[in-house]
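The values are calculated or read from the model by the stated rules, or taken from the named source; none is laboratory data. Remember, it's a predicted structure, so these values are computed and weren't measured experimentally. Here Cβ is always computed from backbone atoms with ideal geometry, including for glycine, and neighbour counts include all displayed protein chains.
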Amino acid sequence: MNTKRLTIARTVVACYVALSLLSLLALGILSTVAPHEAAVAAWIRGSIVAATGILMFVFATQAVRGSSRGLLRWRIVTAVMMVAIAVVVSIPGLLPPWFVVEQIVCGLLLLTAGTLILPRRKASG
């Protein structure tokens, strides 16, 4: 796998982690000033996204260093989280609107990373 592609994808995952941690911070602030915008579901989802983001960054670092197992784990977690995000944002009223937007941005970041870390198919012929 191309190390440059992995390094770029790891940077995208770092952005995903930063966004998810900022969202937890926002939830903490909103719990005080606008509790209706800090739903329990958002706390749970935000915690899961942050935790898996940190795991993905660890796997990404392993992959950049040449670990095929780290790359496999990274691919699996990325795919699972993309599906989970798609499902969660499609459930009306589950999350506050601002958090739905955050999840969509997280999904787009993962889609970007996923396209960089998936194996490239060679054209036949």
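Show the residue pairs that are 6+ apart or on different chains and have beta-carbon atoms under 8 Å apart, the first residue being within region 51-78 and more than 14 Å from Ala14 (Cβ to Cβ), the second being charged (D, E, K, R) and in a helix (DSSP H, G or I).
These pairs meet every condition: Gln62/Arg69; Gln62/Arg73.
Being in contact with a Ser or Thr (Cβ under 9 Å, 6 or more places away or on another chain), in a helix (DSSP H, G or I) and at pLDDT 95 or above narrows it down to one residue among Ala9, Ala18; which is it?
Unique residue meeting the criteria: Ala9.
Consider Ala113 carefully, then state whether it is closer than 12 Å to Leu6 by Cα, modelled with pLDDT of 95 or more, surrounded by 15 or more Cβ atoms within 10 Å (Cβ to Cβ) and small (Gly, Ala, Ser).
Against the criterion (closer than 12 Å to Leu6 by Cα, modelled with pLDDT of 95 or more, surrounded by 15 or more Cβ atoms within 10 Å (Cβ to Cβ) and small (Gly, Ala, Ser)), Ala113 qualifies.
Is it the case that region 90-108 has a residue that's surrounded by 14 or more Cβ atoms within 10 Å (Cβ to Cβ), of a type in the set (Gly, Ala, Ser), closer than 21 Å to Thr11 by Cβ and within 14 Å of the chain's Cα centre (by Cα)?
Yes, region 90-108 contains a residue that is surrounded by 14 or more Cβ atoms within 10 Å (Cβ to Cβ), of a type in the set (Gly, Ala, Ser), closer than 21 Å to Thr11 by Cβ and within 14 Å of the chain's Cα centre (by Cα).
Filter region 34-47 for residues that are assigned to a helix (DSSP H, G or I) and out of contact with any helix residue (DSSP H, G or I) (no Cβ under 8 Å at 6 or more places or on another chain); which is modelled with the lowest pLDDT?
Per the stated criteria, the residue is His36.
More than 17 Å from Thr3 (Cβ to Cβ), under 11 Å from the mean Cα position of the chain (by Cα) and not charged (D, E, K, R): which single residue out of Thr32, Thr52 fits that description?
Thr52
Return a yes/no flag: does region 8-26 have any residue that is of a type in the set (Lys, Arg) and free of Cβ contacts under 8 Å to residues at least 24 places away in the same chain.
Looking for residues that are of a type in the set (Lys, Arg) and free of Cβ contacts under 8 Å to residues at least 24 places away in the same chain, one finds none in region 8-26, hence no.
Consider Ile85 carefully, then state whether it is of a type in the set (A, V, I, L, M, F, W, C) and either in a loop (DSSP other than H, G, I, E, B) or surrounded by 18 or more Cβ atoms within 10 Å (Cβ to Cβ) (or both).
yes
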